[in-house]
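Just so you know, all these numbers are worked out from the coordinates, no wet-lab data involved. Since this is a predicted model, take the numbers as computed values, not measurements. Heads up, the Cβs are rebuilt from the backbone with ideal geometry, glycines too, and the neighbour counts pull from every protein chain shown.
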Amino acid sequence: MSALGRNQSGLIKGQVLLCGNSHRELAQRVATRLGIPLGDCVLYQENCGETKIQIGESVRGKDVFILQTGNRDPNNMMMELFILAYSCRSTSAQRIVGVVPYLPYSKQCRMRKRGSIPCKLFADMMVRAGIQHLITMDLHMKEIQGFFSCPVDNLRASSFLIQYLKEQQTSFENVVVVARHPGQARRATAYAERLRTTLSVIHGGEGVVLDTEATDGRSSPPLIAQNSLQTPSLLQTPEKNNFFPVSTAAVTACATDYDAPTDSTFPS
């Protein structure tokens, strides 16, 4: 315990874990696992819609970890992150680390005609707000790390998901790994190889449009691509989905940025 710098009360010296309103349950679990209390911080919106925060403890000279994700209402959630980071920076925090499991705007990382690269703008805003180190998971493209002028840790969830699948499935003889579209074939191949099973790739389908000339801005107006799991047209029971036959025994979805709707048949 001495290596972690714990004092008699069990707290980690000089470290504070703060969170916004995106996923307080996850932040509480992380704090419990670390054996530290969740930082005293209140975030709310005023009647005019502006975000306001109140930090109830001193962060001067401390390492501050801000846990905030962007899978739900990303604009407001990231504004909370910016204000939290800027407040900690203004009150002389020693180091500010942003823990963002799902980085919003990461899918908008390519230049389109008559467009821009919002992901680069988002990265600059995070650094300007005071983020000195970013910890995220499963970036849409690894090259996004180059947008940031601060260190970025892009963690991978594949090892945990594969471990979960191996615990739930005793035999993979009749298991097939399905890629939602050809753009995900490389990642799905990695899963299939580690599970030693077969691979299937869905070409076309509802709401799936690849990066072709039809979507790079040369067509006016451009087609709308639904590449996010927040529109889970494929994540339905076999009876409601034409991509999977009715004889399919079970469908398991593995995702790290899935925001399940209230009427979803899958647990969130």
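About its Cα centre, the dipole of segment 79-197 is roughly 520 debye, where the only charges are +1 on Lys and Arg Cβ and -1 on Asp and Glu Cβ. Label segment 1-132 by shape, choosing from rounded, prolate and oblate, from the square roots a ≥ b ≥ c of the eigenvalues of the Cα gyration tensor; if a/c is under 1.5 it is rounded, and otherwise prolate applies when a/b is larger than b/c, oblate when it is not. Cα axes put segment 1-132 in the prolate bin. Figure the gain on full extension for SER159 and ASN75 (residue separation times 0.36 nm, minus the Cα-Cα span) and round it to one decimal in nm. Full extension from SER159 to ASN75 adds 27.2 nm.
Using R0 = 51 Å, the C-beta based FRET efficiency linking ILE53 and VAL251 works out to 0.80. Length gained on full extension, SER90 to LEU195: 32.9 nm, using 0.36 nm per residue less the C-alpha separation. Distance between the 7 Å Cα→Cβ label points at GLU167 and LEU121: 4.2 nm. With the simple spin-label model, which puts each label point 7 Å out from Cα in the Cβ direction, the ILE135 to GLN184 separation comes to 2.7 nm. In a fully extended conformation the segment linking ARG110 and ILE202 would gain 30.8 nm over its present Cα-Cα distance, using 0.36 nm per residue.
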